[in-house]
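Student: Below you'll find the structure I mean.
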Amino acid sequence: MELDVNGTRHEVTVEPRRALADVLREDLGLTGTHLGCEHGVCGTCTVLLDGEPVRSCLVLAVQATGHEVRTVEGLADDDPLPGVFAEHHALQCGFCTPGFLMLLRGALDEDPTVVDDDDRLDALLASNLCRCTGYEGIRNAARAAGTRPD
Amino acid sequence: MRGDDRLTRGRGRYTADLRVDGCLEAAFVRSPVPHADLLGVDTTTARTLPGVAAILTADDLTDVGDVPTMFGTDDSPPWRPLATDRVRHEGEAVAVVIADDRYRAEDAAAAVRLDLHRRPGHAAPGRADRLYPDHDDLALEKEFGPPVADTTWQEAHVVIDSRYRQQLLAPTSLEARAILVEPGSPLTVHCSHQFPHGLRTGIAGALGLAEDDVRVIVPDAGGAFGSKSPTYPEYLAVVAAARDLGRPVRWVEDRTEALTASSRGRGQDQHVRIAADVDGRILAIDLQVDADIGAHPLGAALPGQTALAASEAYAVPEVHATVRSWFTTTAPTYAYRGAGRPEAAYAVERAVDELAAELGLDPAELRRRNLVRDFPYDTPTGRRYDSGDYAACLDRCLELLEPDRWRGERERPTGVGIACYVERSGGEPGILEEYGSVTVEPAGFTGRVGTSSTGQPHRTVFAQLVADRLGVPADVVDLVEGDTGEVPEGHGTFASRSTQMGGAALAGAADALIDEARLQAAARWGLSSGDVAWDKGVLRAGTRELPVAELAPLHAEHRFTSPPAFPYGSYGVVVEVDPDLGAVTLLRLVAVDDYGTVLDHTATHGQTLGSIAQGLGQVLTEGVVLDDEGATVMPDGLLDYLLPTAAEMPRDLRVDETAVPAPDNPLGVKGAGEAGCIGVPPAVVNAVADAIRPLGGDPSRLRMPLTPSVVWEAMQP
Ligand code: FES
Ligand code: FES
């Protein structure tokens, strides 16, 4: 099958049962997408599928064919999110970070004001888990990313 | 922080990200039941499945030694890497399948047939039917401090007698356990681990290798929180498989395994008695802990930490604690952030709050009357508190909490709760030492230290520390840790010890390097070292000068030892309880901790917030659910074991510090990793108790986690 990842077409041969996350990580070497639970709860595996955040542990690779997949490695060089995450100490171990970055990239692209309202922001961030930071830095980074021009 | 630019661009290298040619994948066959005789393991079908390279059972590991316990007993029953004739907890590893792909390894693992004859299991601490034929179910019993005199109880104005439960918690670093083993000489082990030198010793010991024949490297690690310091049975099985096959093998744990088969924290039934006089002077504390330690004595002795801490922040003449550690048919109980101290703070601080309610005294005033004020202070159960101003810390907490603001008519039941704690950081005798070295290389300086980051910014903080010590910019200092091939010895990262012990070791090494450089320069110049000054990496004497790089290679080491330090803090919480549903909302949370001198406020702030979140997890949402026999009842994984999300974090969060330097540490530093886990749970439960008491509710029915149903039931008159 063909897979379009970060703007590049890849020819891959995969079993129908293989999760998109495993194809990204093991077959394409894009190990920035992490696996924290493999059952759809933690969000560390979040990638964008046609711009929408999805959990790549729950998407079969075959389902992604014909769609555009974007991973953390595909964030634009001038994307402000990685920089504001570092600046606001939104990470400690960093394992959850790619998932939060992709969650926010998808949400901000759809509606940049989502980070301006505390309730909406918490509802959004509550889709993913972080065990290290207590989320304060992630909240602050998200707000900062919203107020900056892309 | 250093490395953040990699981690935010997806360029981290966690164990599961490593690519090694020809690497095989391991999947474990595990016991589906808590307790059974293991009569047979049938691998016939599984071996025929595609991609399978090998299947190992206990019979294949007879030349591998026992799994080392970390805080075991003097007489621990043997613990085999793969079960032999009995399984003693759900998830216990029985066989390991090695295949060319994880899916196929799991297929084959599912095709292995176990012949099991069930035995009764028991999840609760207490005597059962002998989990080990030659060992009592009571793995360890220990007493701390002299018993409280009978007359003290008889003559006291009031005696509080309470029982609490510390539920089992799953540490749940988002990266579960992971190991990749490359056979050869040395055998190279990549592992997400807190204690690489301990893992090296564990593997070398079990495989009959010299320590130098094993190299442990910790790549980026996705959290640990105490759970990643042992030499787990799975690691020995994977090492044996790599050795036998002569191929690299990796094992990446999945979340179901992490929740059923990996170690857990807490797990104590507590009985606390407190005697006080009419003014609220505490006369005696008696704490009895019955700990459910799981099926193997990995952490059997850890509840002793709870007993040692039984005085908490109070000068109490009589304190006595007993610990009984019981085998249970569930995964081992081990260290989890705080490891024994959160349990003690909970027991004492809940009971002290009950005492205040009984006496009609303000809980803060009651505490103030009893706080330790003179240092050093020797507690009856065997601690020597080094320093502090506990009262100032409590006062600062109250200032930020503004308890009076929340009194009076309010729309919903509202409660204010506080808790004080004292903890021990740095570790216990045996690990109260650390290795540090600093080397001059032509391009700059390299610090090496025996700690191991699993998410803490050691590279940033330690490089800065060395740079400040040497008077050079931080960007010429490289910091190496987490690799036994690079750092000769070390005790790892736990017990909030890294900056306190590792930082001090590096500071000592930097000082030694300066001395050595002055000596060598003096020798060159025919002077005495007293005539040579160190000036930001340049040696000077009169008009002579010599950049230290010209003395390269130059190397200095330091082994730092010291008694433990005693961080402390006061936590305050305001809660609102939904009268119809029992749901608890935090309106404010105040944390005032004393970590001694703080080297990097951003780093400690991060530790404080993270441990607060984990404390909120324990008190509000988390708990391993077991049936009576010890089988986990969490079919939906992290939908059943609920970690706090951003939505659970209070918005009004006030974090502050006092800073009384640690007298036994050259940097004045105390540990900072575990405070929130210790202070938050009792403060929250005390606040909920305060909210439901006026409604006629019964705080003794509150137990963690405070789910809406628990709170709702406790608030019914
Ligand atoms: S790994 Fe996909 S949601 Fe956790
Ligand atoms: S930074 Fe470790 S899980 Fe978020």
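Student: Between B:GLU489 and B:GLN154, what is the FRET efficiency for a Förster distance of 41 Å, r being their Cβ-Cβ separation, to the nearest 0.05?
Tutor: It comes out at approximately 0.15.
Student: How would B:MET70, A:MET1, A:MET102 line up from fewest to most surrounding beta-carbon atoms within 10 angstrom?
Tutor: Ordered by Cβ neighbours within 10 Å, fewest first: A:MET1, B:MET70, A:MET102.
Student: Compare A:GLY66, A:GLY74, A:GLY32 in a GNM of chain A, Cα atoms joined below 10 Å, and give the one with the largest fluctuation.
Tutor: Checking each option, the largest mean-square fluctuation is seen for A:GLY66.
Student: Between segment A:73-87 and segment B:93-155, what is the separation of their alpha carbon centroids in Å?
Tutor: 46 Å
Student: Grab the alpha carbons of segment A:23-150, take their convex hull, and tell me the volume per residue in Å³.
Tutor: Per residue, the Cα convex hull of segment A:23-150 comes to 100 Å³.
Student: Same structure again: Farthest toward the dipole's positive end in segment A:2-74, which of A:VAL54, A:CYS42, A:HIS67, given Cβ charges of +1 (Lys, Arg) and -1 (Asp, Glu) about the Cα centre?
Tutor: Towards the positive end, the residue furthest out is A:CYS42.
Student: Which aspartates and glutamates does B:LYS670 reach when only Cα atoms under 12 Å apart count, and residues fewer than 8 places away in its own chain are ignored?
Tutor: Cross-link targets: B:ASP386, B:GLU423, B:ASP593, B:ASP594.
Student: What nm value, rounded to one decimal, do you get for the distance between B:ARG405 and A:GLU11 when each label is placed 7 Å out toward the C-beta?
Tutor: Between B:ARG405 and A:GLU11, the label points sit 6.6 nm apart.
Student: Taking the alpha-carbon centroid of each part, what is the distance from segment B:184-202 to segment A:90-135 in angstrom?
Tutor: Each part reduced to its Cα centre gives a spacing of 35 Å.
Student: Let me ask something additional. Please work out the C-alpha center-to-center distance from segment B:375-422 to segment B:209-257 and express it in whole Å.
Tutor: 42 Å
Student: Which number comes out as Rg/Rh for segment B:433-561 once both Rg and the Kirkwood Rh are worked out on C-alpha atoms?
Tutor: Value, to two decimals: 1.01.
Student: Enumerate the amide H contacts of B:LEU479 below 5 Å, restricted to partners 5 or more residues apart or on another chain; note that Pro and chain-start residues carry no placed amide H.
Tutor: B:GLY447
Student: While we're on this one: If you take the beta carbon distance between B:GLU365 and B:GLN716 as r and set R0 to 30 Å, what does 1/(1 + (r/R0)^6) give as a FRET efficiency, to the nearest 0.05?
Tutor: Given R0 = 30 Å and the Cβ-Cβ separation, E is 0.50.
Student: Okay, next question. Describe numerically, in nm with one decimal, the distance between label points set 7 Å from Cα along Cα→Cβ at B:THR602 and at B:ASP627.
Tutor: 5.1 nm
Student: Work out, in µm²/s and without decimals, the Stokes-Einstein translational diffusion coefficient of chain B at 20 °C, 1.002 mPa s, Rh from Kirkwood over C-alpha pairs.
Tutor: 80 µm²/s
Student: Report the equivalent ellipsoid semi-axes for segment A:81-146 in whole Å, largest first, defined as the square roots of five times the eigenvalues of the gyration tensor built from alpha carbon atoms.
Tutor: 17, 12, 11
Student: Provide the per-residue ³J(HN,Hα) series for segment B:176-190, in order, calculated from phi with Karplus coefficients 6.51, -1.76, 1.60 and θ = phi - 60°, each as a whole number of Hz, with x at glycine and proline positions.
Tutor: For segment B:176-190, the Karplus curve yields 6, 5, 7, 8, 9, 10, 10, x, x, 10, x, 5, 10, 10, 9 Hz.
Student: Could you go through segment B:196-204 in sequence order and give the Karplus-derived ³J(HN,Hα) for each residue, using 6.51 cos²θ - 1.76 cosθ + 1.60 with θ = phi - 60°, rounded to whole Hz, and x for Gly and Pro?
Tutor: 3J(HN,Hα) across segment B:196-204, in whole Hz: x, 5, x, 5, 4, 4, x, 6, 4.
Student: Do me a favour and compute the ellipsoid semi-axes for segment B:579-629 from its Cα gyration tensor, root of five times each eigenvalue, largest one first, whole Å.
Tutor: Here the semi-axes work out to 30, 17, 8 Å.
Student: So for the protein assembly as shown, what percent of the C-alpha to C-alpha distances run longer than 48 Å?
Tutor: Percent of Cα pairs beyond 48 Å in the protein assembly as shown: 21.
Student: Rounded to whole Hz and in sequence order, give me ³J(HN,Hα) for segment B:255-263 from the Karplus expression 6.51 cos²θ - 1.76 cosθ + 1.60, θ = phi - 60°, writing x for Gly and Pro.
Tutor: 5, 5, 4, 4, 7, 9, 10, 8, 5
Student: First obtain the Kirkwood hydrodynamic radius of segment A:2-74 from its Cα pairs, then insert it into the Stokes-Einstein equation at 4 °C and 1.567 mPa s, and state the resulting D in µm² per second as a whole number.
Tutor: 110 µm²/s
Student: Using the count of nearby Cβ atoms within 10 Å as a rough guide to exposure, how do B:VAL348, B:VAL323 rank from fewest to most?
Tutor: By the 10 Å Cβ count, ascending: B:VAL323, B:VAL348.
Student: Would you mind ranking B:GLU423, B:GLU211, B:GLU576, B:GLU409 by Cβ crowding within 10 Å, fewest neighbours first?
Tutor: B:GLU409, B:GLU211, B:GLU576, B:GLU423
Student: Return the loop-located trypsin sites (Lys or Arg not before Pro) in segment A:1-86 (DSSP other than H, G, I, E, B) with at most 12 other Cβ atoms within 10 Å of their own Cβ; answer none if there are none.
Tutor: A:ARG17
Student: So how compact is segment B:181-303: Cα radius of gyration and Dmax in angstrom?
Tutor: Looking at segment B:181-303, its Cα Rg and Dmax stand at 20.4, 73 Å.
Student: Using only DSSP helix segments of four residues or longer, with each worth -39500 (n - 2.57), what per-residue ellipticity at 222 nm results for chain B after dividing by its residue count and rounding to 500?
Tutor: -7500 deg cm²/dmol
Student: Label A:MET1 and B:HIS135 with points 7 Å out from Cα along Cα→Cβ: what is the distance between them in nm?
Tutor: Each label point is offset 7 Å from its Cα along the Cβ direction, giving 4.9 nm.
Student: At q = 0.16, 0.18, 0.20 Å⁻¹, what is the log10 ratio I(q)/I(0) for segment B:569-685, with the Debye formula run over Cα points and no solvent?
Tutor: -0.81, -0.93, -1.06
Student: Separate question: Would you list the P(r) distribution for segment B:416-471, with all Cα-Cα distances sorted into 5 Å bins from 0 and each bin expressed as a whole %?
Tutor: It works out to 4, 12, 19, 18, 16, 12, 7, 5, 3, 2, 1, 0, in whole percents.
Every read-out reported here was derived from the displayed coordinates using simple, explicitly stated rules and does not represent laboratory data. Model, not experiment: these values are computed from the prediction. Counting neighbours? That spans all protein chains shown, and the Cβs are built from the backbone with ideal geometry, glycine included.
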